[in-house]
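Report on the following structure.
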Amino acid sequence: SWRKKELTLFKSRIDIAEEERLNSEIRAGIVMLYSHWEGFVKNSTSYYLFYVKQLKLNYSDLSPCLLTLSLKTKLLEFNNNSSHEEQLKFVDFVQNDLNQRAFWNLEKAVDTKSNLNSKVLQNILSVVGISFNDFELKSNLIDEKLVKNRNTIAHGNYLSFSKEDYSILHAEIVGMINNIFNQITNLDVLKKYKNSA
């Protein structure tokens, strides 16, 4: 809610900005939109993964996406030593030890790559079990209108952006934030973190 409140305050500043300040306000607004977009996606998905981890489920209890995440963590442990014997230990683990408590590295589970474009978003949503379908048609908006323009501003280049275009971008980003919030809430309510088999 604090993110949406701050974004609303920025939009209000843009709505009343005088002509000589308008472009500067919009540029700052785009950077702020991107910051809250990346921050929300990273924090909300990370908190969700932390929450599920605290449920102390076994590997065999996890949904496919979370089992993949936890097995990837386990595989990296075994992969550090590339001997065949060590790799056999991983296979043995998969065949015999999935009734152990699941584990994954929270620090590495969600990586926005400091550039949360549509491909990075798709990967993050896949990790927690959210379909990318709702966001697929917004890929161009994310990549071109948000990320590319934020990068243009961050690298000190000039950008001209209309008040109307900013209003559309603002509404779309806040809408996607709400969508992700609702989907994460549904993952918990419907216990989608669990294996349905």
| remark: GLU85: passes all of (1) over 15 Å from the mean Cα position of the chain (by Cα); (2) within 30 Å of LYS145 (Cα to Cα) but (2)
| request: Would you point out which residue out of SER24, SER46, SER35 is among the small types (Gly, Ala, Ser), open to solvent by less than 40 Å² (accessible area, probe 1.4 Å) and assigned to a helix (DSSP H, G or I)? | output: SER46
| task | Quick one: TRP104 ticks every box in (1) surrounded by fewer than 19 Cβ atoms within 10 Å (Cβ to Cβ); (2) assigned to a loop (DSSP other than H, G, I, E, B) except a single one, so which number is it? | result | (1)
| message | Could you go through the stretch 123-141 and let me know if any residue there is among the charged types (D, E, K, R) and in contact with a Leu (Cβ under 7 Å, 6 or more places away or on another chain). | response | no
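The rows are residues; the columns are (1) under 30 Å from SER12 (Cα atoms); (2) among the charged types (D, E, K, R).
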| residue | (1), (2) |
| --- | --- |
| LYS119 | no, yes |
| VAL127 | no, no |
| ILE130 | no, no |
| ASN133 | no, no |
| HIS170 | yes, no |
| ILE180 | yes, no |
| LYS191 | no, yes |
| ASN195 | no, no |
| message | Within the stretch 183-193, does at least one residue satisfy the condition of being without any contact (Cβ under 8 Å) to a residue 24 or more places away in the chain, open to solvent by 20 Å² or more (accessible area, probe 1.4 Å) and part of a loop (DSSP other than H, G, I, E, B)? | response | yes
| message | For the stretch 1-21: of the residues being of a type in the set (Gly, Ala, Ser) and open to solvent by 30 Å² or more (accessible area, probe 1.4 Å), which is farthest from the chain's Cα centre (by Cα)? | response | SER12
| Selection count where residues are in a loop (DSSP other than H, G, I, E, B) and open to solvent by 30 Å² or more (accessible area, probe 1.4 Å), scope the stretch 132-149 | 2
| task | Name, by its number, the condition in (1) closer than 30 Å to ALA154 by Cα; (2) touching a helix residue (DSSP H, G or I) at 6+ places or on another chain (Cβ under 6 Å); (3) touching a residue at least 40 places away in the same chain (Cβ under 8 Å) that does not hold for LEU49. | result | (1)
| request: Scan the stretch 150-182 for residues that are of a type in the set (Phe, Trp, Tyr) and either touching a strand residue (DSSP E or B) at 6+ places or on another chain (Cβ under 8 Å) or open to solvent by 30 Å² or more (accessible area, probe 1.4 Å) (or both) and jot them down. | output: TYR158, PHE181
| field | Among the residues listed as GLU77, GLU38, the single one being within 18 Å of the chain's Cα centre (by Cα) and acidic (Asp, Glu) | value | GLU38
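Condition check ((1) open to solvent by less than 40 Å² (accessible area, probe 1.4 Å); (2) among the basic types (Lys, Arg)) across all residues:
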{"position": "GLU77", "(1), (2)": "no, no"}
{"position": "SER83", "(1), (2)": "no, no"}
{"position": "LYS89", "(1), (2)": "no, yes"}
{"position": "GLN100", "(1), (2)": "no, no"}
{"position": "VAL110", "(1), (2)": "yes, no"}
{"position": "LYS119", "(1), (2)": "no, yes"}
{"position": "GLN122", "(1), (2)": "no, no"}
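The values are calculated or read from the model by the stated rules, or taken from the named source; none is laboratory data. Since the model is a prediction, treat every value here as computed from it, not as a measurement. FYI the Cβ positions are ideal-geometry reconstructions off the backbone, even for glycines, and counts take in every protein chain you see. For accessibility, only protein heavy atoms count, side chains too; no ligands or nucleic acids. Shrake-Rupley method; radii C 1.70, N 1.55, O 1.52, S 1.80 Å.
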